[in-house]
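One structure below.
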Amino acid sequence: NAGVTQTPKFRVLKTGQSMTLLCAQDMNHEYMYWYRQDPGMGLRLIHYSVGEGTTAKGEVPDGYNVSRLKKQNFLLGLESAAPSQTSVYFCASSPASPETQYFGPGTRLLVL
Amino acid sequence: AQSVTQLGSHVSVSEGALVLLRCNYSSSVPPYLFWYVQYPNQGLQLLLKYTTGATLVKGINGFEAEFKKSETSFQLTKPSAHMSDAAEYFCAVTAIQGAQKLVFGQGTRLTINP
């Protein structure tokens, strides 16, 4: 039982490049979330999903897209990376809301 | 709308001393409140949560927190700090009714002095 896993762990991008971050959970949770963590700002919700095939915007959705084609996976895409998207990205899942969210180990993204 | 304010971005205590981390929240509906801990280069891990019922909740690693509705606070304490408690602590709030989103405070970095 791996819990929540994130791929990749670290990535460097040039401005304008695109990439996809993958989140996978093996706990059969309905809800999944993407957060970004920046110093002194805590975690801010980017997008979330309340079930397979659904997505919704969070607090800071601009510049990101998401998809939840399978219940266990939640993908975060950056179509044209900007230096302001340099951050640590965390994925989380929960069985229902507002139950405990289980977090992945994070992905460090540096945009040059 | 909901918000969380953690008082003090850095807290330093001596090993064996009381740990006290402060959190104030704002919510227009009854809240669920959480404390999460983040060790270096790791994801967040739940310490404890308040949903309904008893206002004093116990968590892992000897931590406990008290929900004070009149003060809109959710204060985290541990009677005796261990070196292993050094980490960043986040308070978070969500609404009981219909919301799926956690709103986090900015975090408090706890340092333990030997």
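The values are calculated or read from the model by the stated rules, or taken from the named source; none is laboratory data. In this text the structure is predicted, and so the values were computed from the model without any measurement. Glycine gets a Cβ as well: all are built from the backbone with ideal geometry, and neighbour counts include every protein chain shown. The accessibility values were calculated without ligands, DNA or RNA, using every heavy atom of the protein model including side chains. Shrake-Rupley method; radii C 1.70, N 1.55, O 1.52, S 1.80 Å.
Within the range B:93-104, count every residue that is modelled with pLDDT of 85 or more and either within 13 Å of A:Y35 (Cα to Cα) or open to solvent by 40 Å² or more (accessible area, probe 1.4 Å) (or both).
3
Would you confirm whether any residue within the range A:24-31 is open to solvent by 70 Å² or more (accessible area, probe 1.4 Å), in contact (Cβ under 8 Å) with a residue 12 or more places away in the chain and on the phi > 0 side of the Ramachandran plot?
yes
Here's a check for you: in the range B:1-36, which residue that is under 13 Å from the mean Cα position of the chain (by Cα), within 11 Å of chain A (Cβ to nearest Cβ) and not small (G, A, S) is surrounded by the fewest Cβ atoms within 10 Å (Cβ to Cβ)?
B:T5
For B:F67, are the conditions met, namely being open to solvent by less than 50 Å² (accessible area, probe 1.4 Å), away from chain A (no Cβ under 13 Å) and either free of Cβ contacts under 8 Å to residues at least 12 places away in the same chain or part of a strand (DSSP E or B) (or both)?
yes
Within the range B:1-53, which residues are part of a strand (DSSP E or B) and polar (S, T, N, Q)?
B:S3, B:T5, B:Q6, B:S12, B:S14, B:N24, B:S26, B:Q38, B:Q45
Of the conditions (1) closer than 30 Å to A:S87 by Cα; (2) within 14 Å of another protein chain (Cβ to nearest Cβ), B:L76 clears all except one; give me its number.
(2) is the only condition that B:L76 fails.
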